[in-house]
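What follows is a single structure, written as structure tokens, with notes after it.
Rule-based calculations on the coordinates, nothing more; no lab input. Please read all numbers here as calculations on a predicted model, not as lab measurements. Here the Cβ positions follow ideal geometry from the backbone for every residue, glycine too, while neighbour counts run over all protein chains shown.
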Amino acid sequence: MSDEPDEPRSGFTRRDLVRGSLVGAVAATIGGKARAAEPESMGPGAAPLELNVNGSVHRLSLEPRVTLADALRDRIGLTGTKVVCGRGACGACTVLLDGKTVCSCLTLAHEAAGKPITTIEGLASDGRLTPLQEAFIATDALQCGFCTSGMILSCKVLLDTNPKPTRQAIREAVAGNLCRCGTYNHVFEAVERAAGQKTAKEGAPHPAPRTQQPEPNYEDDPRVAEALRQVLDEEGMA
Ligand code: FES
Ligand code: FES
């Protein structure tokens, strides 16, 4: 049984007043947070931003609609990043944002502001290519080269996380990088070479060509003789 005095069934009670105050206070807090989390509106004109590309900070002023790929190529001059489809389908524009692969044609420059960005130009140091880049050259893993920057960056992330990848792991790592020239087998060999594994070319023995394999000899096989005899019997030719 409650110790509180009975309250009238209609009208505004003391309990209603306290409950209403609490609800109002919580709503005000939530509302305040929601307002604080709302992104500042920007554009349509240019707005300042800093892009941290390959360890260098670039202070730019860009419209919010500008993609990271366009900022890298047209404003910073890093044309190693290629744009092929421009719609996230081919992976040619792959760069690393915070260490992860992203399609720079689908990423707005302002989204990437303040985060570390790595492009293909950021891999070599002191004029020396990385072992992965060297391996791409050694295994002829490129033809026109339009997919190559993105392909190498995807493979770099793979090797950073899995230094001895299987063929299947390599296939999956470059599944989003389309190569119209069909260099995939050479790309697989390049990654294996960079990982220090034997490639199909160097290590694993090739199966002998069919012409060099000994022809099977059925003449002395009694099972063959028995099968022939049965067929001849059935045909009445024995
Ligand atoms: S150019 Fe970006 S995914 Fe094709
Ligand atoms: S080398 Fe030409 S698209 Fe891959």
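Structure values in brief
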read-out: Ranked packing of 96-109, 140-153, most packed first, by mean Cβ within 10 Å; value: 140-153, 96-109
read-out: Segment 44-122: C-alpha gyration tensor shape, a/c 1.5 cut-off, then a/b vs b/c; value: oblate
read-out: Calculated from backbone phi, Karplus (6.51, -1.76, 1.60) coupling profile of segment 151-156 in Hz, x at Gly/Pro; value: 4, 5, 5, 5, 5, 4
read-out: Likely footprinting exposure, 187, 84, fewest C-beta neighbours within 10 Å first; value: 84, 187
read-out: Among 195, 152, 132 - extreme Cα towards positive end, dipole of segment 123-198, charges at beta-carbon; value: 195
read-out: Value of D in µm² per second that Stokes-Einstein yields for segment 123-198, Kirkwood Rh from Cα pairs, at 25 °C (0.890 mPa s); value: 202
